[in-house]
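To keep things clear, I will list the structure first and then write my remarks on it.
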Amino acid sequence: MEAFNIKINSDIYGVRLKSQKPLRINVIRQHVGYEIGRDFFGKWYDNSRMSALDDDIIEEIGNSVEARGL
């Protein structure tokens with residue numbers, strides 16, 4: 001998957017695939033990196049050491065990744 005940007009509210013997030021199994025995605029916002037993943041039940045979660053992304057943002061990024069055919 002190619003890296004892409006997604007705009008949510010007024011923030012722009014850079015998104016790229018880190019690994020397929022387990023599914024992990026790197027997300028960058030304002031020079032800060034996050035890692036999100038999907039659990040066994042299909043729920044997206046923040047796997048970063050310092051969780052700072054809201055659940056709604058995580059879900060929207062995850063849905064955008066799915067829509068791109070991951």
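Distances between placed amide hydrogens fall under 5 Å for ARG24 paired with LYS18, SER19, all partners being 5 or more residues away or on another chain. Taking every C-alpha pair closer than 8 Å and separated by at least 6 residues, the mean separation divided by the residue count of the chain gives a relative contact order of 18 percent. Coordinate range of the alpha-carbon atoms in the chain per principal axis, descending: 30, 25, 18 Å. What separates the Cα centres of segment 47-66 and segment 1-33 is a distance of 9 Å.
Once both labels are positioned 7 Å from their Cα atoms along Cα-to-Cβ, the gap between ASN9 and GLU60 label points is 0.8 nm. Surface composition of the chain: carbon plus sulfur atoms hold 46% of the accessible area, using a 1.4 angstrom probe and ignoring ligands, DNA and RNA. Computed packing ranks the peptides 5-11, 42-48 as 42-48, 5-11, most packed first, by mean other Cβ atoms within 10 Å. From the P(r) of segment 28-69, could you give the percentage of C-alpha pairs in the tail past 16 Å? Summing the P(r) tail past 16 Å for segment 28-69 gives 33 percent.
The values are calculated or read from the model by the stated rules, or taken from the named source; none is laboratory data. This structure is a prediction, so every number in the text was calculated from the model and none was measured. Backbone-built Cβ (ideal geometry, glycine too); neighbour counts: all protein chains shown. Areas reflect the complete protein model, heavy atoms only, side chains present, ligands, DNA and RNA absent. Shrake-Rupley method; radii C 1.70, N 1.55, O 1.52, S 1.80 Å.
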